[in-house]
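Just below is one structure, and these are the notes that go with it.
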Amino acid sequence: MRAVCWVLGLCCMLGLGALLVKAQTQEVDITGYYSGDGTFKEGEFVRITRSGQTYQFLQRYPVGDWVGVAIRDGDNLAIGWQRADGANLGVSFFKIEKGEKGPTLVGGWAAYPGGGVSKDTLKWSRKIE
């Protein structure tokens, strides 16, 4: 009888441990509005929304909007984008880090036809309403 109680107790402890590990490995919600690291002016922003297993990307500037699709692998985010009028094409890559108010995306981008990678940091600013 003691052996049965011991086995049941061990199973309960392992089950609770598995639940704690699962809770710790849940992905951070990256949806919302982002501001540049001190580089965005009034009315400029990035918005990331989720669409199934992918994310939709919108970057708004006075000269136009850039739209794209993103895929996530753990704490890595890759975005393919172009200007809404098709005039500019590029890619971004980010590491998702813990920020003060929400996630911070740290990485870079390159535009077609290439030639270099520019560093970029986006800081989460607010939820999508």
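The values are calculated or read from the model by the stated rules, or taken from the named source; none is laboratory data. None of these values were measured; they are calculated from a predicted model. Note that we place each Cβ from the backbone using ideal geometry, even for glycine, and neighbour counts take in every protein chain shown.
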Quiz item: Only one of I71, I96 is at pLDDT 95 or above, surrounded by 17 or more Cβ atoms within 10 Å (Cβ to Cβ) and assigned to a strand (DSSP E or B); which?
Solution: I96
Quiz item: In segment 31-66, what count of residues is obtained for those that are part of a loop (DSSP other than H, G, I, E, B) and in contact with a Phe, Trp or Tyr (Cβ under 7 Å, 6 or more places away or on another chain)?
Solution: 1
Exercise. Please state which of the following conditions L122 fails to meet, knowing it meets all the rest: (1) without any contact (Cβ under 8 Å) to a residue 24 or more places away in the chain; (2) in a strand (DSSP E or B).
Key: (1)
